[in-house]
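Enquirer: Okay, here's the structure, questions in a sec.
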Amino acid sequence: MRQGRDFIARHGETVFNAARRLQGDAAHTPLTRAGFAQADEMGAALARYLGQQPPLTLWSSSAGRALQTLAIMAEHVGLDWHAARPDDRLVEIGMGRWGGRYYAELIGEVGSVIDPASGLLTPSPDGETYPQIVARVSAWLADTNNDPGDRLVIMHGVSSCVLRGVMTGLPVWPSLGAPAAKGLPQGSLVMIERGVETVIHLGGGHAPA
């Protein structure tokens with residue numbers, strides 16, 4: 001277990017979320033005004049918790065929506081966005097040919113795309129599996145385990161659930177073949193310290209991913 005604390009945030013609402021479209025690992029789907037407001041709320045919550053210019057390492061998914069969210073949050077705590085470390089291993093689940101589809105349209109073709117046991121997205125036939133997400137986020141954890149002190153990590157709906165599940169030692173969901181924490185709304189911020197998770201701010205978003 002790391003010695004520092006990890007503040008893990010789910011990015012704010014995007015234009016895909018608002019239109020009820022599957023984003024998956026799309027590189028850039030910009031935030032809506034609601035998404036900017038959610039990022040503001042998370043940034044304000046982080047500032048209340050840590051104060052100004054905390055010794056915080058900034059990490060982010062390489063997706064534009066995560067980096068946009070980070071820019072707003074970093075401003076709240078007086079840190080330099082340019083010091084952020086984007087990493088492809090923190091991106092959202094790859095949805096293959098389902099990526100970009102409207103939920104309603106896809107559900108009309110294939111039925112529910114939500115795993116009933118975990119409440120998370122069902123992988124698409126040609127998309128990324130949950131064990132594959134575990135492998136990449138675990139590789140990121142292994143490579144960054146010696147990061148000094150606290151860090152802020154901006155991620156996505158599904159991939160953050162898997163990371164949180166790995167970090168808190170949750171059991172494997174048989175339906176997914178991987179551990180995963182409970183999904184949180186967009187604009188949510190949690191803290192994990194020595195394997196224990198605390199919700200710092202609960203967002204107002206709604207989309208599964």
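The values are calculated or read from the model by the stated rules, or taken from the named source; none is laboratory data. Here the structure is a predicted model, which means the values were calculated and not measured. Cβ atoms come from the backbone with ideal geometry, glycine included; neighbour counts cover every protein chain shown. These accessible areas exclude ligands, DNA and RNA; they are computed on the full protein's heavy atoms, side chains included. Shrake-Rupley method; radii C 1.70, N 1.55, O 1.52, S 1.80 Å.
Enquirer: Can you tell me which residue is farthest from Asp6 (Cα to Cα) among those in the range 89-112 that are among the hydrophobic types (A, V, I, L, M, F, W, C) and either open to solvent by less than 60 Å² (accessible area, probe 1.4 Å) or free of Cβ contacts under 8 Å to residues at least 40 places away in the same chain (or both)?
Expert: Within the range 89-112, the first condition is being among the hydrophobic types (A, V, I, L, M, F, W, C), and the residues that meet it are 90-91, 93, 95, 98, 104, 106-107, 110.
If we keep only those that are either open to solvent by less than 60 Å² (accessible area, probe 1.4 Å) or free of Cβ contacts under 8 Å to residues at least 40 places away in the same chain (or both) as well, we get 90-91, 93, 95, 98, 106-107, 110.
Details: Leu90: 14, Val91: 17, Ile93: 21, Met95: 27, Trp98: 31, Leu106: 35, Ile107: 36, Val110: 37 Å.
Only one residue fits best here, namely Val110.
Enquirer: Take the range 23-35 and flag every residue that is closer than 19 Å to Asp88 by Cβ and buried (at least 17 other Cβ atoms within 10 Å of the Cβ).
Expert: Gln23, Gly24, Asp25, Ala26, Thr29 - these are the residues of the range 23-35 that are closer than 19 Å to Asp88 by Cβ and buried (at least 17 other Cβ atoms within 10 Å of the Cβ).
Enquirer: Kindly check whether there is at least one residue in the range 73-85 that is under 16 Å from the mean Cα position of the chain (by Cα), open to solvent by 50 Å² or more (accessible area, probe 1.4 Å) and at pLDDT 95 or above.
Expert: Quick first cut of the range 73-85, residues under 16 Å from the mean Cα position of the chain (by Cα) only: 73, 84-85.
Remaining after also requiring open to solvent by 50 Å² or more (accessible area, probe 1.4 Å): 85.
Imposing the further condition that a residue be at pLDDT 95 or above reduces the set to 85.
Yes; the residues of the range 73-85 include at least one that is under 16 Å from the mean Cα position of the chain (by Cα), open to solvent by 50 Å² or more (accessible area, probe 1.4 Å) and at pLDDT 95 or above.
Enquirer: Scan the range 33-65 for residues that are in contact (Cβ under 8 Å) with a residue 40 or more places away in the chain and outside any helix (DSSP H, G or I) and report the count.
Expert: Looking only at that region, the number is 9.
Enquirer: Moving on. Against the condition modelled with pLDDT of 95 or more and of a type in the set (Gly, Ala, Ser), how does Gly165 come out, does it pass? Break it down into steps so the answer makes sense when it comes.
Expert: Values: modelled with pLDDT of 95 or more: yes; of a type in the set (Gly, Ala, Ser): yes.
Yes; evaluated as a whole, the condition is true for this residue.
Residue-wise test of (1) surrounded by fewer than 19 Cβ atoms within 10 Å (Cβ to Cβ); (2) modelled with pLDDT of 95 or more; (3) touching a Leu at 6+ places or on another chain (Cβ under 7 Å).
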position	(1), (2), (3)
Gly4	yes, no, no
Arg21	no, no, no
Ala37	yes, yes, no
Gln53	yes, yes, yes
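Enquirer: Can you find a residue in the range 79-96 that is more than 24 Å from Ser188 (Cα to Cα) and part of a helix (DSSP H, G or I)?
Expert: yes
Enquirer: Counting only residues that are open to solvent by 10 Å² or more (accessible area, probe 1.4 Å) and not in a helix (DSSP H, G or I), how many does the range 6-19 have?
Expert: Step one: list which residues in the range 6-19 are open to solvent by 10 Å² or more (accessible area, probe 1.4 Å), which gives 10, 13, 15-16, 18-19.
If we keep only those that are not in a helix (DSSP H, G or I) as well, we get 10, 13, 19.
Count: 3.
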